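Q: Quick one: the structure is below, and I'll ask about it shortly.
None of the figures in this text is laboratory data; all of them are computed from the coordinates on show. Only a predicted model underlies this, so the values are computations on that prediction, with no experimental measurement involved. A quick note on method: Cβ atoms are made from the backbone with ideal geometry, for glycine too, and the neighbour counts reach across all protein chains shown.
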Amino acid sequence: MAKKQFKAESKKLLDLMINSIYTNREIFLRELISNASDALDKRRFLALTDKKAADSFVPEIKIEADKTARTLTVTDTGVGMNKEELEENLGTIAHSGSARFLSEAKDKENLNIIGQFGVGFYSAFMVAKKITVESLRLGEEKAWIWTSEGADGYTIEEGSRDKAGTSITLYLREDTDDVNYSDYLDSFRIKTLVRKYSDYVRYPIHMDMEKSRLKEGTENEYETVTENETLNSMIPLWKRNRKDITKDEYNSFYASKFFDHAEPRKVLHYSVEGNLSYTALLYIPGEPPFDYYSPDYEGGVQLYSKGVMIMEEAKNIVPDYFKFVRGIIDSDDLSLNISRETLQEDAQLKAISQSVTKKIKNALAEMLAKERETYEKFFRSFGLTLKYGIYNEYGMRKKDLEDLILFVSSKDSSYVTLKEYTERMKEGQKDIYYACGENAEKIERLPQLEKVRAKGYEVLYFTDRVDEFMVRMMHDYQDHMFKSVSQGDLDLDSEEEKKEKEELKKTHEGMLEEVKKALDGKVVDVRLSTHLTNYPVCLSASEGISFDMEKTLSQIPDENQHFKAGKILEINPEHALFQALNNAYENDKDRLRDYAYLLYNQALLIEGFPIDNAEEYSRLVCELIAKSA
Ligand code: ADP
Ligand code: MG
């Protein structure tokens, strides 16, 4: 029998499959089952109008494993293929998934991406050295057998099948040290794979399962029997009516699907119909997965089309700032051949993504409004993701996310939203004040907080590194600017106080100038404080980089990113120390220089910065103590 050659493109794809070093070979079964399911769909469609097609139509997919012959056979009662169709469909790459895969997998290195494509029928060559396809096209007389051992071509001969449908037999490769192909003859392994990838295919997938059973008439003798079993559950949980699903069912489905045994914080289950139609079953986890905050964590939802899982972790459908959401999106309108690369171009998916994002946002807003305690727990686990969402998207998502963010504040230890903060602002307060630090206790000890506190203004505590970067991106909340208590002039003084300070400044200009000179470029300015009431000195940052940003940036390996904040040394004129400085200025300039050095280092320490020369600092302190003895 003459061998026919594959078309050039097919040959390339086949070559890749045959020489595959890809480890996720198991997807071949998903591909065969989804083809069988498609063929059954076609027949069912024909049966709607054609009595002959409807006749004796029992939709079924059957899997048989023969351990002696080392074959795995997938049979369906679908429309089947005639001779031309066998040649046409199995000899060319008609579908976009494989074509795209081919264009991207130019070398073997790229084979790891196979699983991301609907690579189709040829994927069976990853596990089989030879494949036969026997098929009888619905309404035709003759059955045909297509046989191929790989890239050197295929043959077609007459077959004997007498019922419409297709039977695909894989002759498995010999086991090697690395790969145990015999695995795919094990009925439990097959069952697991069907459950994993094809559980919700809407036709029954049957297989004979070996079972151990008590022998009749005996008490402890067992015999092995085979029982025909339906492997798939066919009706997915998300396709069932919400009213009939118990919380337990939702939870155990979540646990088994996503391997997370913590109870989910929230379940979102809904269907959208009309122009855009899809069903979503989404979960907000109770706890972050162990690797959630590692840079590699990407998240993603499972995509289904017509009961077939087409992608296990589809990215970009749920946006990054909601990446904690896990779940399933099922839309009959999706193509099986969607790949990671085409995901974003798919108009249907784009629309679904927008709709899903809105639903999640609304669900969170509702949780915040109606179940405050639950929301706060959620926020403790995933709030950081929302904050990064605002920051990473350059503030573009601000409107969506700003009302979902919580802060601890100087008022009490409970969380406050920006809305609540602005609603309870004091008369005359325009800006939103914040202070940065490692934790609330440390922030509360910041000298810069004194004046704002004395005014009775509430201060938000920023304890996450991203907080300050985030509000810079936000710029404002409802026209209220964000103001750091340790940056710039807070403009809290009354007109009178301002005038007084202006006078003071004039009188003491020489001293302030001298202190600045002594600090020799370490500070951009020395000023009379606008922040302090009791503390003697503090540092504040000039416009631009703040202290906490400087600290965060200093952690980046790239030294070009180590921007420094402009530091201003603020001196409290109300403090007794001020007089000491003035005296030193009048009588002993050397002493003034020592004081300047000491005060500057002290202010650094309070701010949590390292000091340059601890020995020098401590020598001067000791000298001072000795002098006062
Ligand atoms: P795709 O399913 O994306 O079209 P495949 O490589 O999986 O690509 O299959 C190629 C074609 O072969 C299918 O489009 C279909 O026409 C045909 N085919 C494969 N398996 C079957 C089957 N079991 N019954 C009928 N036709 C099939
Ligand atoms: Mg297919």
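Q: Could you work out the Kirkwood radius for region 174-242, taking every pair of different alpha carbons, averaging 1/r and inverting it, reported in Å?
A: Kirkwood radius, region 174-242: 14.6 Å.
Q: Suppose we keep just the alpha-carbon trace of region 163-297; what are its Rg and Dmax in angstrom?
A: 20.5, 62
Q: Right, here's the next one. Hey, could you pull the Cα Rg and Dmax for region 336-480, both in Å?
A: According to the Cα coordinates of region 336-480, Rg and Dmax are 18.0, 64 Å.
Q: I'd like the distance between the alpha-carbon centres of region 184-247 and region 269-303, rounded to an integer number of Å.
A: 27
Q: What does the convex hull of the Cα atoms come to per residue for region 407-458, in Å³?
A: Convex hull volume per residue, Cα atoms: 79 Å³.
Q: log10 I(q)/I(0), Debye, Cα-only region 332-422, no solvent, q = 0.14, 0.20 Å⁻¹?
A: -0.63, -1.01
Q: Using only the alpha carbons of region 45-94, determine the length spanned along each of the three principal axes and report them from longest to shortest in whole angstroms.
A: Taking the Cα atoms of region 45-94, the three principal extents are 43, 28, 16 Å.
Q: In whole angstrom, how far apart do the alpha carbon centroids of region 488-508 and region 509-585 sit?
A: Centre-to-centre (Cα) distance: 17 Å.
Q: In this model, which of 398/419; 239/359; 3/67; 243/266; 505/589 are farther than 24 Å apart at the alpha-carbon?
A: On the way: 398/419 14 Å; 239/359 18 Å; 3/67 29 Å; 243/266 16 Å; 505/589 19 Å.
Checking Cα-Cα distances, 3/67 exceed 24 Å.
Q: Turning to a different aspect of this structure: Scale the Cα Rg of region 488-629 by the rule-of-thumb value 2.2 N^0.38 Å and send over the ratio, two decimals.
A: In units of the globular-protein estimate, region 488-629 measures up at 1.11.
Q: Hey, can you rank 162-172, 468-478 by average C-beta count inside 10 Å, highest first?
A: So the order, starting with the most tightly packed, is 162-172, 468-478.
Q: Projecting each Cα onto the charge dipole of region 285-379 (Lys/Arg +1, Asp/Glu -1 at the beta carbon, about the Cα centre), which of 294, 353, 365 comes out farthest on the positive side?
A: Of 294, 353, 365, it is 365.
Q: So if each residue of separation counts as 0.36 nm, and I subtract the Cα-Cα distance between residue 335 and residue 373, what length gain in nm does that give?
A: Stretched out fully, the residue 335 to residue 373 stretch lengthens by 9.6 nm.
Q: Along its principal axes, what span do the Cα atoms of the chain show, with the longest given first and each in whole Å?
A: 116, 58, 50
Q: I've got another one for you. List the aspartates and glutamates whose Cα lies under 20 Å from the Cα of residue 4, skipping any in the same chain that are fewer than 8 positions away.
A: 15, 84, 85, 87, 88, 134, 149, 152, 157, 158
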